[in-house]
Amino acid sequence: MPEPSALPPTAYQPDTGDTLRSPEFEILISELAADFVSMRANAIDDGIDRWLGRIVRTLGLDRMTVAQLRSDSSAIIRTHSYTVPGHVPLTPRVQHEGDVPWLAGQMRNQRIVLIPKVSDLPPEAVREREFMLAEGLKSNVSIPIVIGGDLIGWISFTSMGAECDWRPEVVNRLRLIVNIFAGALRRKRDDFQLERTRQFEELLSAISAQFVQLPWGSIDRHLRSTLQRVVEFLGVDRGTILTMSPDRSALCRTIWYARGGIDPVPVALSSDYAWMFGKLCGGEPMVVSSIADLPVEAAAEREYLERAGVRSAVAVPLFFGETLLGAAIFSALREEVRWSRAFVQRLLLLGGVLASALGRQTLEEAQRGMMRFEQLIADVSARLAAVACDRADEEVTRTLRATLKFFGADHCTLVQADLARGSARICHRANDTGITPLRTDVDYASACPLIYEWLFRRGETLVRSRLGDRPAEDAIDREIAEGLGFRSMVAIPISSGGRVHYGFVLASRRENASWSKEYAPRLSVLGDTLVNALTRARADEALRTSEERFRSVVESAPSGVLIVDRDGRIILANPYLERMFGYRSEAMLGRHVEMLLPLPDRERHHAYRREFISETDARRMGGGRELVGLRKDGTEIPVEIGLSPIGTSEGRFVLATVIDVTERKQAEQALRDSARRLAEAQRVARLGSWEWDVATERIQLSEEARRIVGVEVVKVSDLVALARAEDRLALLGAISRHWRERSESLDIECRLAPPDGGAERIVRISGNTYYQPDGAPLRSVGTIQDVSEARQAEEETRTLRMQLWHTDRVARSGMLTASLAHELNQPLTAILSNSQAALRFLASGNPDIAELRETLEDIVRDDKRAAAVISGLRAMVRHKASEREGVGMAAVLTEILALLRSELIGAGVELTTDLDQDCSVLADRVQLQQVVLNLVMNAVEAMRDSKTEERRISVSCRGADGAVQVRVQDTGPGIPPERRRSVFDAFATTKPQGMGLGLAVCRSIVESHGGRIWLEPAAGARGATFVFSIPAWAGTSADAGSNGEVVAR
Amino acid sequence: MNSDAATVFVVDDDPSVRRGLGRLLRSAGYRVETFESAKDFLARARYAGAGCMILDVRMPGTTGPELQVQMAEMGVSLPVVFLTAHGEVATGVSAMKKGALDFLEKPVDDEALLEVVRQAIAQHACTQAHQEARRLIEGRLATLSARERDVMREVIQGRLNKQIGAALGITEKTVKVHRGRVMEKMGVGSVAELVHLCDIIGITPALPAAGEDEAMRRVF
């Protein structure tokens, strides 16, 4: 038996054998070559079929067969075969290596197998012998088809009539034929691969283009059809998107597509599949071409795949920024699939596309919900702040309806609880159409005692959902589910200061998941706003009623009543006094009160009056002497006069009660009444009055002032001691400055901390001082007002605004993730390469120390650079209190522009800067950077679709007229005239993905820094120029710390 | 091909990355030349030896993919390996479409990088050997007279001397003489070999050479 001969390895080797010079064969070969060289790839199969017969006939053989290995080498397919008439033809079919093990082995070693006769087969070729005898083959030669060193199949030439000795020159001829066939098959395979790759990339481009344009809300639907397209393209059976559970313990099936009859992936894959989790979390794909390939540590995965009947699977991680959102898994159940590296690479790209769609969806959903709700709160606060007291109830009910609609709840109510009486009733309510309203005549404190206790006595929020899925174990749950019939409820207690408390309640008979825990604090802000409005409306009403009562008392008083201003002019006189003195009221108003006195008393009275105006106590005039009044008709009447000073924000007045001696008791009563009502009016307005007497150094407080201060105060130092430690110096300073500089009136806010540990109050103290003719202070009088609630409301508004700024910053930074990753990747790339190079130098055994030192220095420098990128990003994303400090504008701009570098390069934008290094402002560095970030990213966005060749952004800063001006100019299409007016309004976006907040946020930040922002008139045809200006700061950084509102001197 | 003689060209706008990659590649025994921009690279003299390019995708001015297109237009055959940042989906796809050998994500591991560079240089060497063969055959082809070329074209179509004589209007004997010279000048012993040589340099009986397709095919 002849030895199998090795085939030379390259396909370009010219045939140098001693050839048989048969003209017929020459013609056959040249025609074969010519035909195949020009043949289109998709015609090659037909071409081979066409040529087999001719070759067999020309060579005088009986059969020729082409067998090809499948691309994954798992099976052998007889693709073409020709048998001369008279013998039974072979049909194309799939075989396995096991069918012809010996032959396949020889082929794998790329050896030509010559079998001149059956008996030449070696003993181990059992199956081959059986095959040849069964098919009646006398002699056979098989030549491997090798492309680029890989075996892709073989061609067998067979004689059935006679044995054949296969001389070398014949075999060389046959090899030439095989070579031509090999070239053609290679071209066909290449074409097929190329086409498939091209198709996949088209698919990928189409998918990624589609997702970029998708409007929010339709992403889910498209994800499923995308999975279907990919599954069909890859020829696998199932595609699934799994998302990471919030506690990161499992991947949950969210969207899937499976071919008919194939089960979906289980609802969740837990992190017990540690091998898979490890790979995905590390950003690597999990590639399983065959279960047999799984490593030992993947035992759990092996068990699952075997149980689920999965033959091959590939999973790619879905990263959105740095967050692993989940994974996309494609599985084949019917047969194994070899995942080539190129396809896995492309699946990773697909993963990137899917992840950005999913990420965008999640981010936008959360943001939109929150934004809409914050908008609702902002609207409500704005409306309620200005509401008239008689319309407050109506507005509150309207707000409840809006809240109800926002959350899709059945009921939204405000419950008013009286803690002293232990009762709770619904005071305002709204309900969905078709839902029976909750009863207002029920005392809920006795109907739902546990909820009442929880909400009002303990003051805790109650959030329940999904009640009624199973019997309630908790007693409160039973009250909600069985007593009220709700399946979900949020109840938030709101204190309004006194014994009355409110409960803000949202409830539904249905399952309702949308009032997640993040909404609770915001709901509480909304409730506070409602309750504030109600409280204020009630207070206004009380005050008005009180004023009316006061007037009517005065008018109808059974004694004469006069009110005199500090100059002694009459500003009010009641009908009784008119009757008593015989003047009509109009004749008295505006004239000095002395007109009512007999001539001898007038001059003395003048002096008394001036003295009295600065006194505090009501007192009887004349020190018990009988006083006399002068009537219009010149007659005198005996009177007793009571005097009562009124300290109001408009100044001091004196109320004089004039009574007949006979009616003294009645008159005294009237005086007491009026003083009491004045105190009541002060209490409702939360405005107290005080007086300080220089001579006695004592402070006198009105009743309301005492209530505000909380403890007895007799000296200025007592009051100062009550102030919070930080405020004491400022308070003392303001008071002494007021006395020293004389012209100023006192006006200061400070925090009072009651010594008994009660709630701290913010009070506003204002006052004026009266001086003696020689210039020495005589007494100070003024008001003290509790402004805690007003300040608290301001603080809440400020917090909301900071949150909005922060949300905008985070959203912007999210858009920059890809660029920042790039910016971070640069130093990381350098560090990795340098470290690995250093390791290699060390491994070489003779490292160059100087080179190593230089390498390490490079690593240190790049590490610092990476750290700077991270800290820049962290600053943008961190939510921190506003912090004003003196900052150089040029440095602020340089920092943020460095973070944007990669984004600008990616967008093909050229950046030019012109920064004056000497501009400083007192500002929050991160907020300023946010303004610049928003302006620059808007400019990039504006130029993205611009056709212009030149995309340039110029950023400059310079000082001008005590301010620092920053300009951001682009070469985009500019702002159309009709939109110029509204660019800074919220939600005035033209961009499909924007929230329309960017410029609104810029404006609010700049204005909070005491600056302004504007759009410059369009100069020339193109581009937009935004400018903002902030007051310049001349301090040095050492002063930056002490910039509180109160500066002590 | 001896990889010691190979040069790796690194184009990246970031000086740190250039230094790091350069050092790593030198540590593996390659010659390295680094460039800050596409412009600097194009200003360099034409390079004839074996090698490959490592090209950053995102650069100011001319980007990596734009340089790749310009090189293709200028007939520079150096294989290109792209470096991309995480998540640059579109550029990755487009670079592969235009014939990049591979693209690697930054930061890149030394083993992955050196393996791709090794493959790229081997492929470049193979391409160059093929071009060398073409130059040799084209040199022989240039020695043929116009008539001999006519005869050769007929021969590779598988025509008999008689048919060729009739087609060119010359006697069968003359055809034989030309045919002998063709075989001799082209240095072949059989028509099959002649067909093979012609196939290498793209002379086919009827159709024009499919040069572009060939270039595409080599990529995948």
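What residue, among those in region A:580-609 that are of a type in the set (D, E, K, R) and without any contact (Cβ under 8 Å) to a residue 12 or more places away in the chain, is nearest to residue A:637 (Cα to Cα)?
So the residue we want is A:602.
Given A:436, A:413, A:397, which one is in a helix (DSSP H, G or I), in the same structural domain as residue A:501 (by TED's automatic domain parsing) and among the polar types (S, T, N, Q)?
None of the other options fit; the residue is A:397.
Within region A:879-921, track down each residue that is loosely packed, with under 14 Cβ neighbours inside 10 Å and in a strand (DSSP E or B).
Matches in region A:879-921: A:912, A:913, A:914.
What's the number of the only condition in (1) at pLDDT 80 or above; (2) surrounded by 21 or more Cβ atoms within 10 Å (Cβ to Cβ) that residue A:356 fails to meet?
Single failed check for residue A:356: (1).
Do you know which residues across region A:329-355 are away from every other protein chain (no Cβ under 14 Å) and within 19 Å of residue A:225 (Cβ to Cβ)?
A:329, A:330, A:331
Only one of B:20, B:64, B:29, B:75 is away from chain A (no Cβ under 11 Å) and in contact with a helix residue (DSSP H, G or I) (Cβ under 8 Å, 6 or more places away or on another chain); which?
After ruling out the rest, the residue left standing is B:64.
For region A:433-452, check the following and say yes or no: at least one residue is on the phi > 0 side of the Ramachandran plot, surrounded by fewer than 18 Cβ atoms within 10 Å (Cβ to Cβ), at pLDDT 80 or above and out of contact with any strand residue (DSSP E or B) (no Cβ under 9 Å at 6 or more places or on another chain).
yes
Mind checking which residues of region B:1-17 are farther than 13 Å from residue B:117 by Cα and either within 10 Å of chain A (Cβ to nearest Cβ) or buried (at least 16 other Cβ atoms within 10 Å of the Cβ) (or both)?
B:11, B:12, B:13, B:14, B:15, B:16, B:17
For region A:866-904, what are the residues that are out of contact with any helix residue (DSSP H, G or I) (no Cβ under 7 Å at 6 or more places or on another chain), within 23 Å of residue A:1030 (Cα to Cα) and not small (Gly, Ala, Ser)?
The answer is A:880, A:883, A:884, A:889, A:894, A:897.
With the structure loaded, tell me whether residue A:835 is of a type in the set (Ser, Thr, Tyr), surrounded by fewer than 20 Cβ atoms within 10 Å (Cβ to Cβ) and more than 7 Å from chain B (Cβ to nearest Cβ) or whether it fails that test.
Spelling it out, residue A:835 is indeed of a type in the set (Ser, Thr, Tyr), surrounded by fewer than 20 Cβ atoms within 10 Å (Cβ to Cβ) and more than 7 Å from chain B (Cβ to nearest Cβ).
Residues checked against (1) within 30 Å of residue A:504 (Cα to Cα); (2) in the same structural domain as residue A:654 (by TED's automatic domain parsing); (3) among the acidic types (Asp, Glu):
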residue: A:526; (1), (2), (3): yes, no, no
residue: A:533; (1), (2), (3): yes, no, no
residue: A:548; (1), (2), (3): no, no, yes
residue: A:552; (1), (2), (3): no, no, no
residue: A:565; (1), (2), (3): no, yes, yes
residue: A:571; (1), (2), (3): no, yes, no
residue: A:575; (1), (2), (3): no, yes, no
residue: A:578; (1), (2), (3): no, yes, yes
residue: A:582; (1), (2), (3): no, yes, no
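Of the numbered conditions (1) surrounded by fewer than 20 Cβ atoms within 10 Å (Cβ to Cβ); (2) farther than 20 Å from residue A:164 by Cα, residue A:84 satisfies every one except a single condition; which is it?
(2) is the only condition that residue A:84 fails.
Of the numbered conditions (1) within 26 Å of residue A:880 (Cβ to Cβ); (2) buried (at least 16 other Cβ atoms within 10 Å of the Cβ), residue A:782 fails exactly one; give the number of that condition.
Evaluating residue A:782 over (1) within 26 Å of residue A:880 (Cβ to Cβ); (2) buried (at least 16 other Cβ atoms within 10 Å of the Cβ) leaves (1) as the failure.
Of everything in region A:105-119, what is in a helix (DSSP H, G or I), over 60 Å from the mean Cα position of the chain (by Cα) and over 23 Å from residue A:56 (Cα atoms)? Give them in sequence order.
Initially, region A:105-119 is screened for residues in a helix (DSSP H, G or I), giving A:105-108, A:118-119.
Restricting the remaining residues to those that are over 60 Å from the mean Cα position of the chain (by Cα) gives A:105-107, A:118-119.
Residues satisfying the conditions are A:105, A:106, A:119.
Is one or more of the residues making up region A:145-159 part of a loop (DSSP other than H, G, I, E, B) and surrounded by 17 or more Cβ atoms within 10 Å (Cβ to Cβ)?
Looking through region A:145-159, none of the residues is part of a loop (DSSP other than H, G, I, E, B) and surrounded by 17 or more Cβ atoms within 10 Å (Cβ to Cβ).
Taking the condition in contact with an Asp or Glu (Cβ under 7 Å, 6 or more places away or on another chain), surrounded by fewer than 20 Cβ atoms within 10 Å (Cβ to Cβ), modelled with pLDDT under 85 and within 30 Å of residue B:183 (Cα to Cα), does residue A:17 pass?
Details: in contact with an Asp or Glu (Cβ under 7 Å, 6 or more places away or on another chain): yes; surrounded by fewer than 20 Cβ atoms within 10 Å (Cβ to Cβ): yes; modelled with pLDDT under 85: yes; within 30 Å of residue B:183 (Cα to Cα): yes.
Taking the combined requirement at face value, the residue satisfies it.
Does residue A:774 qualify as being loosely packed, with under 13 Cβ neighbours inside 10 Å and modelled with pLDDT under 85? Don't jump to the end; show me each part of the working.
Values: loosely packed, with under 13 Cβ neighbours inside 10 Å: yes; modelled with pLDDT under 85: yes.
So residue A:774 fits the description; yes.
In the list A:185, A:204, which residue meets the criterion of being buried (at least 18 other Cβ atoms within 10 Å of the Cβ), under 30 Å from residue A:315 (Cα atoms) and within 14 Å of chain B (Cβ to nearest Cβ)?
A:204
From A:817, A:855, grab the single residue that is more than 19 Å from the chain's Cα centre (by Cα) and either within 14 Å of another protein chain (Cβ to nearest Cβ) or on the phi > 0 side of the Ramachandran plot (or both).
A:855
I'm checking my understanding of the structure. Among residues of region B:135-184 that are outside any helix (DSSP H, G or I) and away from every other protein chain (no Cβ under 14 Å), which one is nearest to residue B:203 (Cα to Cα)? Don't jump to the end; show me each part of the working.
Our first condition is that a residue be outside any helix (DSSP H, G or I); within region B:135-184, this holds for B:143-145, B:157-160, B:169-171.
Applying the additional criterion that residues be away from every other protein chain (no Cβ under 14 Å) yields B:143-145, B:169-171.
Numbers: B:143: 16, B:144: 14, B:145: 16, B:169: 23, B:170: 23, B:171: 25 Å.
Of everything passing the filter in region B:135-184, B:144 is nearest to residue B:203 (Cα to Cα).
Does residue A:810 satisfy the condition of being outside any loop (DSSP other than H, G, I, E, B), within 18 Å of residue A:321 (Cα to Cα) and more than 10 Å from every other protein chain (Cβ to nearest Cβ)?
yes
State all residues of region A:521-535 that are under 17 Å from residue A:687 (Cβ atoms) and surrounded by fewer than 17 Cβ atoms within 10 Å (Cβ to Cβ); if no residue qualifies, say none.
Those that are under 17 Å from residue A:687 (Cβ atoms) and surrounded by fewer than 17 Cβ atoms within 10 Å (Cβ to Cβ): none in region A:521-535.
The values are calculated or read from the model by the stated rules, or taken from the named source; none is laboratory data. Please read all numbers here as calculations on a predicted model, not as lab measurements. Because the Cβ atoms are built from the backbone with ideal geometry, glycine has one as well, and the counts that use them run over all protein chains shown.
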